[in-house]
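Down below is the structure, laid out as structure tokens.
The values are calculated or read from the model by the stated rules, or taken from the named source; none is laboratory data. Predicted model only: the values in this text are computed from it and were never measured. Here the Cβ is made from the backbone with ideal geometry for all residues, glycine too, and neighbour counts use every protein chain on show. Please note that ligands, DNA and RNA were not included when accessible areas were found on the heavy atoms of the full protein model with its side chains. Shrake-Rupley method; radii C 1.70, N 1.55, O 1.52, S 1.80 Å.
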Amino acid sequence: MSSSEDQTNQRVPQHVAIIMDGNGRWAKAQGLSRLEGHRQGAKRLRDVIRWARDAEVKQVSLYAFSTENWKRPKLEIAGLMTLMATMLPLEIPKMIEENARMLVLGDISKLPWLARKALNRAVESTKNNTSVDVILCLNYGGQQEIVEAVKHLFASFDDEKERAEAFANLTPETLYAHMGRDDILPVDLLIRTGGEKRISNFHLWDAAYAELYFTDTNWPAYSENDLKEAIADYASRERRFGKTSEQVQGIADE
Ligand code: FPP
């Protein structure tokens with residue numbers, strides 16, 4: 001997997017991560033229920049796969065349910081889970097037609113059986129597709145993911161001395177290897193819709209050098225033009241990965 005630094009000169013983000021916020025506010029403004037807002041938001045899933053693919057984005061991550069979203073009213077959680085169970089199967093033929101692959105991040109073992117079944121089917125049916133990856137983040141938390149990697153690393157040694165040595169020599173690369181996912185590119189562009197300016201525990205590791213982009217548009221109203229604007233804004237930025245501007249432009253020593 002290439003690092004984001006290799007992509008310094010690329011104008012198209014390889015991995016776009018989206019915090020799909022504003023479903024509730026969009027619904028309220030239309031006099032609709034919050035669940036209807038989520039339903040309209042889920043419909044954007046199909047669109048965003050196509051828009052990302054057409055823009056030559058390789059991966060798009062969607063924050064569909066965070067580890068903290070369990071604190072929402074039980075009825076809203078049940079509605080979101082039902083949406084996944086009912087809408088995902090309908091998306092599979094379209095994803096196959098568009099050669100899109102679905103991946104999942106997060107602990108889906110805690111999701112209701114029907115939602116899990118729909119997710120597993122979508123992942124299985126699209127596993128050989130190659131045009132764009134849609135990474136659904138469900139029961140996902142960036143901090144939890146890092147903690148799990150540390151636990152996994154800890155458990156991988158029987159010998160106390162070897163374990164102490166591994167910890168003494170721990171690097172980001174060795175810890176990353178324990179996250180158990182080598183298909184996820186570093187996040188280049190992180191978009192949050194709905195006007196708030198927070199990362200909310202999303203992709204904490206992968207977004208270390210992501211460009212952040214915030215828009216007031218609520219997720220159900222998000223359009224291809226909005227994505228194009230975000231990508232154009234990304235293209236205008238200088239990604240330095242810790243270097244100076246002069247180094248990046250090749251007018252100073254490496
Ligand atoms: C945030 O908006 C949105 C969510 C917590 C859920 C996002 C889920 C979807 C778009 C549906 C996913 C469905 C499938 C099939 C994958 P909010 O409710 O917090 O909005 P608000 O801040 O305006 O209240």
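When you look at Q14, is it closer than 17 Å to S61 by Cα, more than 7 Å from the ligand (Cβ to nearest atom) and either open to solvent by 80 Å² or more (accessible area, probe 1.4 Å) or at pLDDT 95 or above (or both), yes or no? It is true that Q14 is closer than 17 Å to S61 by Cα, more than 7 Å from the ligand (Cβ to nearest atom) and either open to solvent by 80 Å² or more (accessible area, probe 1.4 Å) or at pLDDT 95 or above (or both).
Quick grid of which residues meet (1) away from the ligand (no atom under 15 Å from the Cβ); (2) more than 19 Å from F202 (Cβ to Cβ); (3) not in a helix (DSSP H, G or I):
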position: A64; (1), (2), (3): no, no, yes
position: P89; (1), (2), (3): no, yes, no
position: D133; (1), (2), (3): no, no, yes
position: E145; (1), (2), (3): yes, no, no
position: K151; (1), (2), (3): yes, yes, no
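When I96, I108 are checked against the criterion of being more than 9 Å from the ligand (Cβ to nearest atom) and more than 18 Å from the chain's Cα centre (by Cα), I96 stands alone in meeting it.
Residues are listed down the side, and each one gets a yes or a no for (1) open to solvent by 70 Å² or more (accessible area, probe 1.4 Å); (2) over 18 Å from the mean Cα position of the chain (by Cα):
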| residue | (1), (2) |
| --- | --- |
| Y176 | no, no |
| P186 | no, no |
| L189 | no, no |
| G194 | no, no |
| K197 | yes, no |
| N218 | no, no |
| E229 | yes, yes |
| A235 | no, yes |
| T244 | no, yes |
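Among the residues of the range 134-169, those that are open to solvent by 60 Å² or more (accessible area, probe 1.4 Å) and under 26 Å from the mean Cα position of the chain (by Cα) comprise Q143, Q144, V147, E148, K151, H152.
No other residue among S156, S109, S200, S125 is in contact (Cβ under 8 Å) with a residue 60 or more places away in the chain and either of a type in the set (G, A, S) or closer than 18 Å to P13 by Cα (or both) apart from S200.
Per-residue answers, yes or no, for (1) in a helix (DSSP H, G or I); (2) farther than 29 Å from R39 by Cβ; (3) within 16 Å of the ligand (Cβ to nearest atom); (4) of a type outside the set (D, E, K, R):
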{"residue": "R163", "(1), (2), (3), (4)": "yes, yes, no, no"}
{"residue": "A166", "(1), (2), (3), (4)": "yes, yes, no, yes"}
{"residue": "Y176", "(1), (2), (3), (4)": "yes, yes, no, yes"}
{"residue": "K197", "(1), (2), (3), (4)": "no, no, yes, no"}
{"residue": "H203", "(1), (2), (3), (4)": "no, no, yes, yes"}
{"residue": "A207", "(1), (2), (3), (4)": "no, no, no, yes"}
{"residue": "L212", "(1), (2), (3), (4)": "no, no, no, yes"}
{"residue": "N225", "(1), (2), (3), (4)": "yes, no, no, yes"}
{"residue": "K228", "(1), (2), (3), (4)": "yes, no, no, no"}
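Would the range 41-53 turn up any residue that is within 25 Å of A232 (Cβ to Cβ), away from the ligand (no atom under 12 Å from the Cβ), aliphatic (A, V, I, L, M) and modelled with pLDDT of 95 or more? Within the range 41-53, one or more residues are within 25 Å of A232 (Cβ to Cβ), away from the ligand (no atom under 12 Å from the Cβ), aliphatic (A, V, I, L, M) and modelled with pLDDT of 95 or more.
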